[in-house]
1. Considering only the other residues whose Cβ falls under 14 Å of the Cβ of ILE65, what net charge follows from Lys and Arg at +1 and Asp and Glu at -1?
2. I need ILE64, ILE82, ILE179 ordered by Cβ neighbour count within 10 Å, fewest first.
3. According to the Cα gyration tensor, what semi-axes, each the square root of 5 times an eigenvalue, does the equivalent ellipsoid of the chain have, listed from largest to smallest in whole Å?
4. Rounded, prolate or oblate: which fits the range 67-192 when a ≥ b ≥ c are the square roots of the eigenvalues of the alpha-carbon gyration tensor, with rounded for a/c under 1.5 and prolate only if a/b beats b/c?
5. Mind checking the dipole of the range 3-259: about its Cα centre, +1 per Lys or Arg Cβ, -1 per Asp or Glu Cβ, Debye to the nearest 20?
6. Efficiency by 1/(1 + (r/R0)^6): what FRET value for GLU181 and VAL77, r their Cβ-Cβ distance, R0 = 45 Å, to the nearest 0.05?
7. Note down the Stokes-Einstein diffusion coefficient of the range 9-148 in µm²/s, whole number, using a Kirkwood radius over alpha carbon pairs, 37 °C, and 0.692 mPa s.
8. Put a dot 7 Å past each Cα toward the Cβ at ALA95 and TRP236; how far apart are the dots in nm?
Amino acid sequence: MGATSGRNAHQYAAAVTDPLLHNRDDQPIERVLAVMAHPDDVDFGAAGTVKAWTDAGVHVTYCIITNGDAGGVDKDVPRSAIPALRQAEQRAAGAAVGVTDVTFLGYRDGELSVSHELRRDISRVIRQVRPDRMLIQSPDRNWERIQASHPDHLAAGDAAIQAVYPDARNPFAHTSLLIDEGLEEWTVPEVWLLASPTPNYWNDITDNFEAKLAALRAHESQTGHMDDLEGRIRGWMTLQAKQAGLAEGRLAEAFMIVSTA
């Protein structure tokens, strides 16, 4: 499966031989950290691309900020059981695309804000994982896809990019991470954003579409009630492939790539 740059392609992404697996300096990507607000966010936005990374031997870690406790439509499940259910669903979805390293920060779904504590907790995971690339949600509202700009998504994206810069790389930020936990600073050189209103890179996921669907179907409490989930996702991926200038019948996920080094 190849990657393609769209008509508004990021300059350095277009210049790199294989942007999917190499950064702007053409260095190979070995570790990716995805920070998302809710279980299922990464699967709706990037499961096909994640599958390409894991197939290539990249270690992918999921950091899910909330347990998705305000989500779910299954009336047979007590609300108190939703957090454990959604954690299990996310682990199953991760397994469908080759991800077994999943952590949850336990924040309240629907109440997310950019706090010192959240920035510190994301910085902790960054320093633990020491990723070559991060996958986060866009802090910029997408007026053409308002559903992608849930307030929790915006807060998660804003907190994550603040953790990338300046927090995680600054040994004097969140000093307890170094003094009490021995976690040294780490600079993340590149960030990929989901649901950005200004994407600059499209990845062809046609060959991994079934894996993406399997990941989404693992979120039974969220997708089990949806009529024609496959058709809905295929239509969305087809539109993004057209934006990228891909051939008819191809499917794509869209990202905004940002240099943060």
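What follows is calculated from the coordinates using simple rules that are stated; it is not laboratory data. Given the structure is predicted, the values throughout are model-derived calculations rather than measurements. Note that each Cβ is placed from the backbone with ideal geometry, even for glycine, and that neighbours are counted across all protein chains shown.
1. On the way: positive: ARG86, ARG108, ARG119, ARG120, ARG124; negative: ASP40, ASP41, ASP69, ASP109, GLU111, GLU117, ASP121, ASP152, ASP158.
Here the charged neighbours net out to -4.
2. Numbers: ILE64 27, ILE82 19, ILE179 10.
Placing the least packed residue first, the sequence is ILE179, ILE82, ILE64.
3. They are 26, 25, 16 Å, listed largest first.
4. Judged from the Cα gyration tensor, the range 67-192 comes out prolate (a/c at least 1.5, a/b above b/c).
5. On the way: 24 positive and 37 negative charges, 55 e Å.
Roughly 260 debye, rounded to the nearest 20.
6. Working from the Cβ atoms, E equals 0.80.
7. Details: Rh = 16.3 Å.
It diffuses with D of about 202 µm²/s by this estimate.
8. Each label point is offset 7 Å from its Cα along the Cβ direction, giving 2.4 nm.
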